[in-house]
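Trainee: This is the structure I want to talk about, given as structure tokens.
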Amino acid sequence: MKKVDKILLMVLFSLFSLAPFSCSSSENKQEEKINYTNPEDYPGKKALATFAGGCFWCIEAPFEGIDGVIAVISGYSGGKEKNPTYEEVSNGKTGHREAVQITYDPDIISYSELLDIFWQQFDPTDEGGAFYDRGFQYSSAIFYHDNTQKNEAQKSLTKLEEAKVFDKPIVTPIIKYSNFYPAEEYHQDYYLKNPSEYYAYRRGSGRDAFIAKHWPVDLEKKYTKPSDAELKKRLTKLQYDVTMHEATERAFANKYNDNKETGIYVCIVSGAPLFSSKDKYESYSGWPSFVKPIDARLIDKPTDSSYGMVRVEVRSKLGDSHLGHVFNDGPDPTNLRYCMNSAAMRFIPKKEMEKEGYGAWLWLLD
């Protein structure tokens, strides 16, 4: 089981504290970094997500190191056999699939965000296995733990099909969770223990090529942070103070609070895509609010201990810049409110996205 590189403390706040501090400055903040060998020791909320997408090594790794994810374990799920071994499952002698189980804090990251990452890791149109791993034991599945997860999984699947992201119909079943058995220790964190073999396996199996064909990759190379001197030339004083010094713009007097146009919001520093207008809603806080980001892997959520409170800051990972905060008073189903500063973002209308190089995200707006 992986020791979490960075875990965020549970967000504690009341309705009284939300109003004056919804997107306030983070001066004197201290990031709490606590590693939990056992996720049961984690003091915040906990929830489980269980996914199968072929070789569990390749589904475990993408979820590691994401803020709000407490633990990711490779294992076996869905069969009737108790405590199966790798030899039994891999040889198709059980009713189990190779799977991963994610323990996460729903006050920091939503199940919907985990689904968005999951769909980008495998071929959901292949019912006979995954790439060159063939057989039922390597087929994909979403094991839902409650009706909210079931509905979110079905909604995300339908969205992908309607947008025709893949050339063939999606065959990944959405199944009620029944059990999960951790795999042998040598399978856990395989990408760290055997990196050469792991990455060679990904390339050789065709997984990486499939992902690159259907999803944006290598974003960290495309969207980079300019020098401080360049930022001071390019940004307004407010934009620079917000992004680089965690300042806060005025509520109800900022550029995008009332924006209802269709498009995406990108990092003003790096240009990385952050939020979709489809996920924007009126929170009456005075700042643009979203139920989730476009991709949780493109943001960081360090703990902010300023003003005598414990909150979760939201930062652009590739821009290393302050965006705002995330709170757990949002609407269903995520219950999250990503409260952002307009000054930290640039809005790109749908009609301009292709021209500006963001065509890969147009499907989000259909």
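Derivation of every value follows stated rules applied to the coordinates shown; laboratory data play no part. Keep in mind the model is a prediction, meaning the values are calculated, not measured. Note: ideal-geometry Cβ built from the backbone for every residue, glycine included; neighbour counts use all protein chains shown.
Trainee: May I ask what percent, to the nearest 5, of DSSP beta bridges between residues of the chain are antiparallel?
Mentor: Here the antiparallel bridges make up roughly 95 percent for the chain.
Trainee: Could you list ILE211, ILE73, ILE108 so that the one with the fewest beta carbons within 10 Å of its beta carbon is first and the one with the most is last?
Mentor: ILE211, ILE73, ILE108
Trainee: Viscosity 1.306 mPa s, temperature 10 °C: give me the Stokes-Einstein translational D for region 45-214 in µm²/s, with Rh taken as the Kirkwood radius over C-alpha pairs.
Mentor: 99 µm²/s
Trainee: Moving on. Suppose the Debye formula is applied to equal point scatterers at every Cα of region 99-192; what is log10 I(q)/I(0) at q = 0.12, 0.20, 0.24 Å⁻¹?
Mentor: Here log10 of I(q) over I(0) equals -0.43, -1.19, -1.49.
Trainee: What distance in nm separates the simple spin-label points at LYS351 and LEU365, each placed 7 Å from Cα in the Cβ direction?
Mentor: Between LYS351 and LEU365, the simple spin-label model gives 1.0 nm.
Trainee: Something else: Report the charge-dipole magnitude of region 245-298 in Debye, nearest 20, computed about the Cα centre from +1 at each Lys and Arg Cβ and -1 at each Asp and Glu Cβ.
Mentor: 100 debye
Trainee: With viscosity set to 1.306 mPa s and temperature to 10 °C, compute the Stokes-Einstein D of region 219-365, Rh being the Kirkwood radius across alpha carbon pairs; µm²/s, no decimals.
Mentor: Roughly 103 µm²/s, to the nearest whole number.
Trainee: Also, quick follow-up: For the chain, what is the charge dipole size about the Cα centre, in debye to the nearest 20, if Lys and Arg each add +1 at the Cβ and Asp and Glu each add -1 at the Cβ?
Mentor: The calculated dipole for the chain is roughly 700 debye.
Trainee: Something else: Divide by every residue of the chain the summed helix terms, -39500 (n - 2.57) for each DSSP H run of at least 4, and state the resulting mean residue ellipticity at 222 nm, rounded to the nearest 500 deg cm²/dmol.
Mentor: After summing the helix terms and dividing by the residues of the chain, the value is -6500 deg cm²/dmol.
Trainee: Can you tell me the mean projection area, over all orientations, of the convex hull of the chain's alpha carbons? Units nm², please.
Mentor: Across all orientations, the chain yields a mean hull projection of 18.0 nm².
Trainee: Separate question: What does the charge count near PRO169 come to, summing +1 for each Lys or Arg and -1 for each Asp or Glu among other residues with Cβ under 15 Å from its Cβ?
Mentor: Net local charge, PRO169 excluded: -3.
Trainee: For the pairs LYS232/LYS292; LYS168/LYS292; LYS255/LYS292, note any where the Cα-Cα span goes beyond 22 Å.
Mentor: Too far apart for the 22 Å limit: LYS232/LYS292; LYS168/LYS292.
Trainee: Ranked by Cβ crowding within 10 angstrom, fewest neighbours first, how are SER227, SER342 ordered?
Mentor: SER227, SER342
Trainee: Same structure, new question: Determine ³J(HN,Hα), in whole Hz, for all residues of region 346-353 in sequence, where each value follows from phi through the Karplus function 6.51 cos²θ - 1.76 cosθ + 1.60 and θ = phi - 60°; x replaces Gly and Pro.
Mentor: Here the 3J(HN,Hα) series is 10, 8, 10, x, 3, 5, 9, 5 Hz.
Trainee: Just how large is the dipole of region 219-365 about the Cα centre, in debye to the nearest 20, putting +1 at every Lys and Arg Cβ and -1 at every Asp and Glu Cβ?
Mentor: For region 219-365, the charge dipole is close to 360 debye.
Trainee: Expressed as a whole number of Å, what is the distance separating the alpha-carbon centroids of region 298-366 and region 168-201?
Mentor: Value for the Cα centre distance between the two parts: 29 Å.
Trainee: Shifting gears a bit: Ranked by Cβ crowding within 10 angstrom, fewest neighbours first, how are TYR104, TYR281 ordered?
Mentor: By the 10 Å Cβ count, ascending, the order reads TYR281, TYR104.
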